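Single-structure report; data block below.
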Amino acid sequence: MTLETYKQKRHFDTTPEPRPRPGKAHRRPIFVVQEHHASRLHYDFRLEADGVLKSWAVPKQPSLNPAVKRLAVQVEDHPLEYANFSGEIPAGQYGAGLVHIWDKGTYENILAHKPHPQSMAEGINAGHLEVQLHGRKLKGDFALIRMAKRGQKASWLLIKMQDKEAYQDSAAAERTTTAPTTQPVQPRPARLRTGAPSQHPATLAFTHQDKIMFPEVGITKRDVLRFYERIAPRLLPHLRDRPMTLERFPEGLTGKQAPHFWQKNTPSYYPAWIPRVTLPSEDGQLVTYALVNDATTLLYLVNQGTLTFHPWLSRIQNLDRPDFVIFDLDPGAATFADTVAVARRLHAILEGERSASYLKTSGKTGLHIMVPWHQAEGYDAARDWAMGIALRVVADLSDIATVERHKDRRQKKVYVDVLQNARGHHVVPPYVLRAVSPATVSTPLTWAELTPALDPRRYNLRTIFRRLARQKIDPMAPLLVY
């Protein structure tokens, strides 16, 4: 983008905005956030680079909470002088309304100091920026990640990265829960300690911590509790405000026929501070689902024997519209190499459709591909779209791919399952344990990692945190737009 677009959109004989003239670069690059009361209130986030202000329109106030992902739509470059602009853009002008400076300061390009340095221009082209802001309100590390591009505008996510400036407890104040049947609660997170069970200040003591949950690898209930405590910052954003089905193994995996059950309805004896939502089921019965919105609820349910959490594809604020579409690649009797080939073809088709897609292991033998759903239509439209994509994959790879539901008719082909994209159905989110040895974890992958040599069992309770230590941000963050 250049200042030519900025110039074409404005009439400088009537607007008080600065003219599109070159500006002198600052010794330390600046950023500015302007609160813009246009037809809709939004926040203009601008970074100095290459003599202009690279600009994004952010519909909601930027947050210091890493769990809150803000949509940021890239707009035209602005002149450096715009960083000082406050005033009223007259009616009839582009962007008419009151503008004032919400925050301002300097910033550093974090990726300029990596082993393979990246300039701001290179980061924008690559769709990935990391900057350290030094403002009055916005401090610390932030990432901008491009999700998809449509013509001259691109949709990005503005994300607060985990650092000392992150303020995770701000999530409740920044979200509005509209479902009247929910019971939102903000208990203080529990902490596990070596030795004696930790105590919630009020309804929480962890029991039977020496119980063996994964007998083949000697993983105890204490190990599982500690895993979920450590993974909570990554996992909770994928669970928050979604009706939850729990896969419970009270006695662990005690053999091939381990006693376990699926729980949708929340028992009456569960503590009152666990948030929940009551919804009608397909047969008209009311079901009270737990909402796993905080670490204390998460660990309470793990202590009850939950190994895997299965959330809906939609949140309570809009239960009829999914946030994403999922393609579940189930190899069945097929080879994993065939599963990889199907995933690659699916990725290529989605790229051709200009649809961003995100890959993870299922935690068992398959792969999951998740695509953000930004359409106004609900589940039926999302599922129909997904089936259309799946049928194109099958047409291209008819010898190894199928959409046949019946296992005995699949002929050792990879099943491309899109039927989970339905109201009331649930999915396996990233970062949860699966009830198989060696306590595998459903793990996000880059597309470059998708090769026939990939072994999903490598990502498990004992190895996952070494991988996450190298990732400052969640690769699946684009699925978390609020």
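Some points to look at:
- Residues of region 1-23 satisfying the condition of being in a loop (DSSP other than H, G, I, E, B) and either touching a residue at least 60 places away in the same chain (Cβ under 8 Å) or aliphatic (A, V, I, L, M) (or both): M1, T2, K9, R10, H11, T14, T15, P16, E17, P18, R19, R21
- S355 being at negative phi, in contact with a Pro (Cβ under 6 Å, 6 or more places away or on another chain) and either part of a loop (DSSP other than H, G, I, E, B) or surrounded by fewer than 21 Cβ atoms within 10 Å (Cβ to Cβ) (or both): no
- Condition broken by A439, with the remaining ones in (1) among the aliphatic types (A, V, I, L, M); (2) on the phi < 0 side of the Ramachandran plot; (3) in contact (Cβ under 8 Å) with a residue 12 or more places away in the chain satisfied: (2)
- Qualifying positions in region 203-223 - in a strand (DSSP E or B) and of a type in the set (G, A, S): A205
- Taking region 21-67 as the range and being among the hydrophobic types (A, V, I, L, M, F, W, C) and either in contact with a helix residue (DSSP H, G or I) (Cβ under 9 Å, 6 or more places away or on another chain) or more than 26 Å from P90 (Cβ to Cβ) (or both) as the test, the residues that pass are A25, I30, F31, V32, L47, A49, V52, L53, L64, A67.
- Flag for F261 being touching a strand residue (DSSP E or B) at 6+ places or on another chain (Cβ under 9 Å), surrounded by fewer than 16 Cβ atoms within 10 Å (Cβ to Cβ) and at pLDDT 90 or above: yes
- Of all positions in region 292-300, at least one carries a residue that is over 22 Å from the mean Cα position of the chain (by Cα) and assigned by TED's automatic domain parsing to the domain that holds E247.
- Boolean, Q34 is buried (at least 20 other Cβ atoms within 10 Å of the Cβ), within 20 Å of S86 (Cα to Cα), touching a Phe, Trp or Tyr at 6+ places or on another chain (Cβ under 9 Å) and of a type in the set (S, T, N, Q): yes
- Cβ-Cβ under 7 Å pairs, at least 6 apart or on other chains, region 344-372 side among the aromatic types (F, W, Y), far side surrounded by 21 or more Cβ atoms within 10 Å (Cβ to Cβ) and modelled with pLDDT of 95 or more: Y358/M370; Y358/P444
Residue by residue, here is whether (1) closer than 16 Å to V414 by Cα; (2) part of a loop (DSSP other than H, G, I, E, B) holds:
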{"residue": "L346", "(1), (2)": "yes, no"}
{"residue": "E351", "(1), (2)": "no, no"}
{"residue": "G363", "(1), (2)": "no, yes"}
{"residue": "H368", "(1), (2)": "yes, no"}
{"residue": "V371", "(1), (2)": "no, no"}
{"residue": "D384", "(1), (2)": "no, no"}
{"residue": "M387", "(1), (2)": "yes, no"}
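- Wholly enclosed strands (runs of 3 or more DSSP E) of region 42-90 bearing at least 3 residues within 30 Å of A232 (Cα to Cα), of a type in the set (A, V, I, L, M) and touching a strand residue (DSSP E or B) at 6+ places or on another chain (Cβ under 7 Å): 70-79
- Any chance R28 is within 20 Å of L111 (Cβ to Cβ) and part of a strand (DSSP E or B): no
- Exclusive hit being modelled with pLDDT under 95, touching a strand residue (DSSP E or B) at 6+ places or on another chain (Cβ under 9 Å) and within 30 Å of K153 (Cα to Cα), set R383, R405, R345, R354: R354
- Across region 278-291, the qualifying residues are those that are within 24 Å of V325 (Cβ to Cβ) and under 22 Å from the mean Cα position of the chain (by Cα), and the one among them that is surrounded by the fewest Cβ atoms within 10 Å (Cβ to Cβ) is Y289.
- Residues within region 405-436 that are assigned to a loop (DSSP other than H, G, I, E, B) and either of a type outside the set (D, E, K, R) or at negative phi (or both), tallied: 22
- Positions within region 105-122 being part of a strand (DSSP E or B) and surrounded by fewer than 19 Cβ atoms within 10 Å (Cβ to Cβ), in sequence order: G105, T106, E108
This table checks each residue for (1) of a type in the set (S, T, N, Q); (2) modelled with pLDDT under 90; (3) over 25 Å from the mean Cα position of the chain (by Cα).
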site: A96; (1), (2), (3): no, no, yes
site: H113; (1), (2), (3): no, yes, yes
site: S119; (1), (2), (3): yes, no, yes
site: E122; (1), (2), (3): no, no, no
site: H128; (1), (2), (3): no, no, no
site: G135; (1), (2), (3): no, no, yes
site: S155; (1), (2), (3): yes, yes, no
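The values are calculated or read from the model by the stated rules, or taken from the named source; none is laboratory data. As the structure is a prediction and not an experimental result, all values here were calculated from the model. Counting neighbours? That spans all protein chains shown, and the Cβs are built from the backbone with ideal geometry, glycine included.
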